[in-house]
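Structure first, commentary second.
The values are calculated or read from the model by the stated rules, or taken from the named source; none is laboratory data. Keep in mind that this is a model prediction, so the values were computed, not measured. Cβ: placed from backbone, ideal geometry, glycine included. Neighbour counts: every protein chain shown.
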Amino acid sequence: MMKRVYVTGLSCISAQPTFGAGLDTEWRFQPECNVLETIHPVYKSFLPAAALRRMSKVIRMGVTSANAALADAGVSMPDAIIIGTGMGCGEDSDKFLEAIVANGEEMLTPTAFIQSTHNTVGAQVAVGIGCKGYNLTYVNGAVSFESALLDAQMTIAEGNAHTILTGGIDELTKHSADLFRHSGLIKLGGDYTEVLHSKSGGTVFGEGAAFAVLSDSPGKSPYAEVADVWMTAVLQPQAVAGAVSDFLTANGLTPADIDAVVLGIDGDVQYDGYYSQTATDLFAETPQVYYKHLCGEFNTAQAFGFWAACHMLHTNEIPPVMVINHLPQRELNHILLYNQYNGIDHSLILLKACRNTP
């Protein structure tokens, strides 16, 4: 029998005051922004000054959030580190490429190149704590975090590890933002906070880092249980309801058993129909939740949704700012997360409450 997998530690750095906090914080909107600014902690309180000077934004976010999740779980040394990122270390990549052009491909300093690889955050976390276990970074588009989560879940469930640090992290650089605006991925005008009833293409972008410690032991106060993770590359809008139903059936559940569904609605009128059709077909009587108006869209934004859903199960509360359909809230025992990006990279994550876990 495979072991159950529990979330015992969490941490998140985002465009909201989430670091060191839960859902009972003062959320803020940035109505004039099409790129949400991250609220960074005072990194010098968590990282040595000498190391901090050599770290780009994504490394600072990742290492700080990862260490905070370990501290929250009371774990000093995980058996493995598994991370997902869609864009990797973009700031260091930009610096190195700019230096190549500026210096005529001569006299290049290696630091930016060394730290530009996608697995830099996982490596920096491991070096910092001395972890020599399994260390892998998934770069798999908008299911990068889900890929890492699935690997971590299976590794623990099969008995190959007891505790695993996993998470999703992405940064948005000025160069990337300019490209995304030019290609229409970022909204160019209008009410940027009007996510639910958007009439325009593109999204409000963001960045962030969200980490979780997964364990085969619930500990004293687990946040949630990771029941199942599912992904597929391509899915037609009319096929989503069937895929969700099959996923729930495989877990012995029906749509009526889901106490809240967390949807990755991002305000892109071209693709949010995936969510509205699924909500209408399967979850019309279920409390519906959204979150990308708070953190922005990016490849691993689902990690923010996962962080929020775990807190919801732990506290048995849904923040009003995340509610879509304002139905009476049930006792939260099962939460389903559904995400896709530009019509591809569909994922489902099923979480269970652990309030009665011994």
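A few remarks follow.
- For Ala69: the one exception among (1) over 24 Å from Cys310 (Cβ atoms); (2) under 18 Å from the mean Cα position of the chain (by Cα): (1)
- Positions within segment 201-215 being surrounded by 17 or more Cβ atoms within 10 Å (Cβ to Cβ) and not in a strand (DSSP E or B), in sequence order: Gly202, Val204, Gly206, Glu207
- Considering segment 167-200, the residues that are closer than 19 Å to Glu37 by Cβ and polar (S, T, N, Q) include one that is surrounded by the most Cβ atoms within 10 Å (Cβ to Cβ), namely Ser176.
- Matching residues in segment 44-62 - criterion: being under 21 Å from the mean Cα position of the chain (by Cα), in a helix (DSSP H, G or I) and of a type outside the set (A, V, I, L, M): Lys57, Arg60, Gly62
- Selection status of Leu97, at pLDDT below 95, in a loop (DSSP other than H, G, I, E, B) and farther than 17 Å from Met61 by Cα: no
- Residues satisfying the stated conditions in segment 126-141, i.e. of a type outside the set (Val, Ile, Thr), closer than 19 Å to Asn339 by Cβ and either free of Cβ contacts under 8 Å to residues at least 40 places away in the same chain or part of a loop (DSSP other than H, G, I, E, B) (or both): Asn140
- Within segment 142-171, residues that are assigned by TED's automatic domain parsing to the domain that holds Cys89 and at positive phi have Cβ atoms under 8 Å from residues that are assigned to a loop (DSSP other than H, G, I, E, B) and of a type outside the set (D, E, K, R) in these pairs: Gly159/Met2, counting only partners at least 6 apart in sequence or on another chain.
- Taking segment 216-242 as the range and being out of contact with any Leu (no Cβ under 8 Å at 6 or more places or on another chain), assigned to a loop (DSSP other than H, G, I, E, B) and not small (Gly, Ala, Ser) as the test, the residues that pass are Asp216, Pro218, Lys220, Pro222, Leu235, Gln236.
- Considering segment 243-358, the qualifying helices (runs of 4 or more DSSP H), each wholly inside and each with 2 or more residues that are over 18 Å from Ala233 (Cα atoms), without any contact (Cβ under 8 Å) to a residue 40 or more places away in the chain and not assigned by TED's automatic domain parsing to the domain that holds Leu36, run over 273-282.
- Residue in segment 1-49 that is surrounded by the fewest Cβ atoms within 10 Å (Cβ to Cβ), counting only those that are among the hydroxyl-bearing types (Ser, Thr, Tyr) and touching a strand residue (DSSP E or B) at 6+ places or on another chain (Cβ under 7 Å): Thr38
- Cβ pairs under 6 Å, 6+ apart, first in segment 40-58 and under 18 Å from Ile129 (Cα atoms) and of a type in the set (Lys, Arg), second loosely packed, with under 12 Cβ neighbours inside 10 Å and at pLDDT below 90: none
- Tallying residues that are in a helix (DSSP H, G or I), surrounded by fewer than 23 Cβ atoms within 10 Å (Cβ to Cβ), at pLDDT 90 or above and not acidic (Asp, Glu) within segment 71-94 yields 1.
- Within segment 4-14, tally of residues that are closer than 10 Å to Phe304 by Cα and in a loop (DSSP other than H, G, I, E, B): 1
- Subset of segment 265-300 that is among the small types (Gly, Ala, Ser) and touching a Ser or Thr at 6+ places or on another chain (Cβ under 9 Å) - its residue that is surrounded by the most Cβ atoms within 10 Å (Cβ to Cβ): Gly296
- Matching residues in segment 23-68 - criterion: being within 18 Å of Met322 (Cβ to Cβ) and modelled with pLDDT of 90 or more: Leu36, Ile39
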